[in-house]
Amino acid sequence: MPLLVLLAPLHAAPLTNTFTTGEGIANPLLQGWIPEVVNGTVGGIYSDRLFAPLCAQVNTPGCRSDQHATPHVVGMSVQRSVNESVRPQDRLPARLLQMGYQTETQDLHGYTVQRLTPSTNDASFAVVYSLVIDAVEYTITFSPSFRSDPDLVNQIMAGFVFTPAEAPAAFVLADPQPPPTDPGAALPYRVYLPLVANANTSPATSSPKAILTQSTPSVATLTLASPSAALMSQRTPSLSFQVSDFPRFEFNEMPELAKSNAKSHTNPYKFVYKVDGVDSGNGALFIDCVLRESGYEPAWCGEMPDGSTTPDAPSLDNAYIRVRDLRLMLLNNGSVEIEQIDEKTVQSGDILILQYSNRADYCWDGIVVEKSDDVYVATRSEDHEKVAASSLHCHYPDGTEDSHPIRSYIRLDSAAPSATFLTPSNDVALKMVPGDQLFSYVATESTNGPQSGVRGVTLAAVIDGQLQRWLDRDPATSYTADLDLPCRQIDLMALAYDVVGNADLGKADYLAGWLLIRGDADGDGQISEADYAAIRAADGLSRADAGYAPGLDPTGDGMIDAADRLFVENLLLHTCPQP
């Protein structure tokens, strides 16, 4: 039998611990009952199961006279209605109704209580009570042993005291930064092909441009404005950036990594942690390490503060070794929980989470590696390279099997967002004056497929064949670059990442920029009388005035004046050199 993910006995309370109060719930009649978890709160839910003590130890209603007798068990959970760690339709009362439990209402301490009873004698509970007080949900369960003692059920229920103000704070999923307003359809990419005069003192009369879209071939036929003109450059920005240059979450690699690690056990992390000096198998750590190997940044897998790993000593401080912690981490980092009942939409790479059928806790997990007649997962076990998800069961601390656990799936493969340059415009980018250049852009969430929110944008440039990353997955929406590099083509890319780490170069936006020679006001590749005339016509304008443009201020002092005219006079007929 494979080792389970959650070693529940390690968390069970010693016999000396007895129940007094939970978070927002108390019952003096249960004083002395043995709690499985003392006041345990995870994900905004207080939950506990109380086992009836031996009468020889505590003489309380429902105690056991024989240590071999099946104990009564009372379960409790408290959570606020707005809690987001468990969806309303997945909470126990809703699930029991789907399983055919009958419901009726009763009065308890002036509150309306929903009483749920099974239609068969082999059900997990004798009776379940559910009530909501001040937007706090209470669920109380009674084990099958209570079927023979309904008066004790009524006695225990009458003893409960509810204090909603003391209920645990709700767990709220992180709200990703909403994307800015969609600016509309992205403009087609433009590539500037500057012209220079070859053995000809007359400048070209215009600058040809090529309009590129995703389907445009990389080589285009252009009609040049001047027979004597020569092309400066033909590179397009989409060809300058390589996929390998931009790390991202490699979701598609997860299934093969999961199968390989589950089968071989050669992974250095071993997927175990020590409890009292004994190695304990751990499926949550298995997933944590596969995620890390796939490039999923929130995963730990034994990572230490200095970035190193400790494969022989993972712990709660540097790894996810509990399913509930792993699940909350995934949900809090943009992952999507898909419908638990219908497995038709499950796909390879989804993460299986196995939950006990009658308690808000988890026992096993795995990574979906195949979908055919059933859903197959890889888990932390050498014989579980591929095992049917429907065959996995949970086990309780006492060794009994929960043969009807709840299967849910978490998807990390959200649709990557797109990025669009806002400034400079295409025409301005093709005629940039050397110096500080402001770039602004917008990242837009995809409308096709699951969404996890926009994390940020990587802004990159290729200058003289060298890749530069100006920003990396940064939430900023603008950047000022120091580009005092005349006569250069600069390929620019804005690549948007979602919260999970997905990115798609096909949804990036590109600009082919050209840095002019200072004084080339009209951007035709040569300093000419036309540039001098344009600067003279703008004489006296400053940065604050309408009509001011950086190209008209070659000295860059913020004022168009005689110094700029002198600058142009001294460089008349200069052109950008051929690359």
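The values are calculated or read from the model by the stated rules, or taken from the named source; none is laboratory data. Not measured: the values here are computed from a predicted model. Positions of Cβ are generated from backbone atoms using ideal geometry, with glycine treated the same way; all protein chains shown enter the neighbour counts. The area values use the complete protein model at the heavy-atom level, side chains included, leaving out ligands, DNA and RNA. Shrake-Rupley method; radii C 1.70, N 1.55, O 1.52, S 1.80 Å.
Checking the conditions here, which among LYS344, LYS371 is surrounded by fewer than 21 Cβ atoms within 10 Å (Cβ to Cβ), more than 27 Å from ARG292 (Cβ to Cβ) and of a type outside the set (Ser, Thr, Tyr)?
Among LYS344, LYS371, only LYS344 is surrounded by fewer than 21 Cβ atoms within 10 Å (Cβ to Cβ), more than 27 Å from ARG292 (Cβ to Cβ) and of a type outside the set (Ser, Thr, Tyr).
Starting from residues that are within 18 Å of ASP398 (Cβ to Cβ), of a type in the set (A, V, I, L, M) and in a loop (DSSP other than H, G, I, E, B), keep the ones in region 39-77 and report whichever is modelled with the lowest pLDDT. So, considering only residues that are within 18 Å of ASP398 (Cβ to Cβ), of a type in the set (A, V, I, L, M) and in a loop (DSSP other than H, G, I, E, B), the one modelled with the lowest pLDDT is ALA69. Applying the criterion of being open to solvent by less than 30 Å² (accessible area, probe 1.4 Å) and not in a loop (DSSP other than H, G, I, E, B) to the residues of region 99-123, the residue that is nearest to THR141 (Cα to Cα) is LEU116.
The set of residues from region 547-565 being in contact with a strand residue (DSSP E or B) (Cβ under 7 Å, 6 or more places away or on another chain) and of a type in the set (Ser, Thr, Tyr) comprises just one member, TYR548. Taken over region 433-447, residues that are touching a helix residue (DSSP H, G or I) at 6+ places or on another chain (Cβ under 9 Å) and surrounded by 22 or more Cβ atoms within 10 Å (Cβ to Cβ) amount to 3. Going residue by residue through region 458-474, is there one that turns out to be hydrophobic (A, V, I, L, M, F, W, C), in contact with a helix residue (DSSP H, G or I) (Cβ under 9 Å, 6 or more places away or on another chain), open to solvent by less than 10 Å² (accessible area, probe 1.4 Å) and not in a strand (DSSP E or B)? The answer is no; no qualifying residue exists.
LEU96 meets each of the listed conditions (1) modelled with pLDDT of 90 or more; (2) open to solvent by less than 20 Å² (accessible area, probe 1.4 Å) apart from (1).
Yes/no per residue for (1) more than 37 Å from the chain's Cα centre (by Cα); (2) touching a residue at least 12 places away in the same chain (Cβ under 8 Å); (3) closer than 18 Å to LEU152 by Cβ:
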{"site": "LEU29", "(1), (2), (3)": "yes, yes, yes"}
{"site": "ILE34", "(1), (2), (3)": "yes, yes, yes"}
{"site": "ARG49", "(1), (2), (3)": "no, yes, yes"}
{"site": "PRO71", "(1), (2), (3)": "yes, yes, yes"}
{"site": "GLY75", "(1), (2), (3)": "no, yes, yes"}
{"site": "GLU84", "(1), (2), (3)": "no, yes, no"}
{"site": "ARG95", "(1), (2), (3)": "no, yes, no"}
{"site": "THR105", "(1), (2), (3)": "yes, no, no"}
{"site": "THR117", "(1), (2), (3)": "yes, yes, yes"}
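Of all residues in region 349-394, those being closer than 26 Å to LEU97 by Cα and among the small types (Gly, Ala, Ser) number 5.
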